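Asks: My questions will all concern the structure given below.
The values are calculated or read from the model by the stated rules, or taken from the named source; none is laboratory data. Only a predicted model underlies this, so the values are computations on that prediction, with no experimental measurement involved. Cβ sites come from the backbone with ideal geometry, for glycine too, and all protein chains shown count toward neighbours. In case anyone asks, the SASA skips ligands and DNA or RNA and just uses the protein heavy atoms, side chains included. Shrake-Rupley method; radii C 1.70, N 1.55, O 1.52, S 1.80 Å.
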Amino acid sequence: MKARAGVGALLLAGLLAGAEAEAAEAKQGHGWDITVEANTDFPLSVGGRVGVESPWRLRLSTSLGYLPGMYLQAVNDVAVALDVYDRERANLIKQSLKNSLVWRTHAGWRPFPGAGLYVEGGYGLVALGGETNPEDVLAALTGINPPVGESVLNREYRVRSVLHMLDVEVGWRWGLGSGWTARTALGAAFTLDSNTRVEPTFEPEQPLLVNLFTGFAENYLDDTFEKYVHLPVLSFSIGYAF
């Protein structure tokens, strides 16, 4: 009980110090502010974020992270439960995007001096993830017949997708005292365009048939991402301001 009370007192002291700093800013303004954060944007990424705020409260931020498989699994479980798409499509999304690199760059504004409320919007990129899939698995997931006449055993395809996204968010940043900060935000990410490559890891005996198969698979995946990958995003960060 004493330990919990001590932690609570420290948190309260940090919030009070942050409130005092915000009140001082409301009276006096502030200079340039640079914040480095450990950040998660659920269900998009886990990584780091750097933010800059000008004396006029204009904001610019960029973050870099990766897309964990468990985040995709959580999204897919909800989507399947709500009949947004079926389990086969969910598995295809997961196998194509898991462990992707996620880069997000935003610009925004904090409209009220002395308050942590801010709005931001910008660009998101999801790339360099995915898995290698056996031909029968890829054919089953997409519903496309595989090429016939190939004698190569264990035919596999490397699947890589690049998503270009529009990001928006509304958030709040707290000063915790001694330069430490906390931030949370609620937003959304919308897939504007998808570019998928499905490439054989073997030397095809009938390149034309294999190219037709991979072309249909690429179009199927791009249609899936552009139609279904539009996500609410919940962000949490702990950082330090310089």
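Asks: At 7 Å along Cα-to-Cβ for each site, give me the label-to-label distance between Trp109 and Thr62 in nm.
Replies: Result: 2.4 nm between the two label points.
Asks: Let me ask something else about it. What part of the accessible area of the stretch 91-167, given as a whole %, is carbon or sulfur when the probe is 1.4 angstrom?
Replies: Using a 1.4 Å probe with all protein chains present, the stretch 91-167 comes out at 62 percent carbon and sulfur.
Asks: Let me ask something additional. Output the DSSP H helices from the chain with an along-axis C-alpha extent of no less than 24 Å and a mean Kyte-Doolittle hydropathy no less than -1.0.
Replies: Helices meeting the span and hydropathy rule in the chain are 2-28, 207-228.
Asks: In addition: Using a 10 angstrom cutoff on alpha carbons, build the Gaussian network for the chain and name the most mobile of Ser178, Ser63, Ser161.
Replies: Comparing Ser178, Ser63, Ser161 in a Gaussian network model of the chain, the most mobile one is Ser178.
Asks: Starting from the Cα-Cα distance between Glu226 and His164, subtract it from 0.36 nm times their residue separation and give me the gain in nm to one decimal.
Replies: 21.4 nm
Asks: Give the calculated FRET efficiency between Asn154 and Val78 to the nearest 0.05, with a Förster radius of 41 Å applied to their Cβ-Cβ distance.
Replies: Computed FRET efficiency for Asn154 and Val78: 0.75.
Asks: Follow-up. Taking amide hydrogens as modeled 1.01 Å from N in the peptide plane, which residues meet the under 5 Å criterion relative to Leu176, leaving out close sequence neighbours?
Replies: For Leu176, the qualifying residues are Thr181, Ala182.
Asks: What spacing in nm lies between the two simple spin-label points modelled at Glu203 and Asn219, each 7 Å away from Cα in the Cβ direction?
Replies: Here the answer is 3.0 nm between the modelled labels.
Asks: Whole number in Å², please: accessible area per residue of the chain, 1.4 Å probe, ligands, DNA and RNA not counted. Intermediate results must be reported in sequence, preceding the final value.
Replies: Details: 12690 Å² over 242 residues.
Heavy-atom accessible area per residue stands at 52 Å².
Asks: Given Cα pairs under 8 Å that are at least 6 residues apart, what percent is the relative contact order of the chain? Mind dumping the intermediate values first?
Replies: Numbers: 529 pairs, mean separation 50.2, N = 242.
Over the chain, the number comes to 21 percent.
Asks: Estimate the FRET efficiency between Trp172 and Asn195 by the formula 1/(1 + (r/R0)^6), using the beta-carbon distance for r and 45 Å for R0, to the nearest 0.05.
Replies: Rounded to the nearest 0.05, the efficiency is 0.80.
Asks: Here is a further query. Give me the net charge of Ala38's neighbourhood, meaning all other residues with Cβ under 11 Å from the Cβ of Ala38; Lys, Arg count +1, Asp, Glu -1.
Replies: +1
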